[in-house]
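One structure is given below, encoded as structure tokens.
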Amino acid sequence: MAIDEQTFGRVADETLRRTAAALEDADDNLEVDLEDGVLSIETPDGATFLLNKHAPMRQLWLSSPISGATHYEYDAAGGHWVSTRRGDALHVVLSRDLAQAARVSVIFGETEG
């Protein structure tokens, strides 16, 4: 079930904020910038990840040099963002891709909203 616009904005902003904080805590070598609903992550070797809000679809979009572009919808019952294609959780994919791209281990919280 789709969430309303206000809930989307609140949950998406909180997810981006918590994700940025976890990344900053995980590794000082990552360049992490959160601005205007766009989280950019650059690894020491120049690989760039982008995670941004897409309000019209009420989704978060991830662009990863490892897994490509993926869209995520919020699952209120589970408290996490789920891929619209594969059903993977956002933070599982991001953690796996960062480990592969930069040998960084990031642990994200269970709930995102």
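Quick note: the coordinates plus some simple rules give every number you see, no bench work behind them. Keep in mind it's a predicted model, so treat the numbers as computed, not measured. Quick reminder, even Gly has a Cβ in these numbers, built from the backbone with ideal geometry, and neighbours come from all protein chains shown.
Treat every Asp and Glu Cβ in region 5-102 as -1 and every Lys and Arg Cβ as +1, leave all other atoms uncharged, and give the resulting dipole magnitude about the Cα centre to the nearest 20 debye.
The calculated dipole for region 5-102 is roughly 560 debye.
Once you have a ≥ b ≥ c as the square roots of the Cα gyration tensor eigenvalues for the chain, tell me rounded if a/c is under 1.5, and otherwise prolate or oblate according to whether a/b is larger than b/c.
Prolate, since a/c reaches 1.5 and a/b exceeds b/c.
So what is the 222 nm mean residue ellipticity for the chain from helices alone, if each DSSP H run of at least 4 adds -39500 (n - 2.57) and you divide by all residues, rounding to the nearest 500 deg cm²/dmol?
So the helix-based figure for the chain works out to -10500 deg cm²/dmol.
Under 10 Å, Cα contacts only: if you run a Gaussian network model on the chain, which one of P65, P56, P44 comes out with the highest mean-square fluctuation?
P56
Roughly what angle does helix 5-26 make with the longest principal axis of the chain, taking Cα atoms, 0 to 90 degrees, to the nearest 10?
The helix 5-26 is inclined about 20 degrees to the chain.
When Lys and Arg each count +1 and Asp and Glu each count -1, what net charge do the other residues less than 13 Å away from E24, Cβ to Cβ, add up to?
Around E24, the charge tally is -4.
Taking Cα pairs under 8 Å and at least six residues apart, what relative contact order does the chain come out at, in percent?
22 percent
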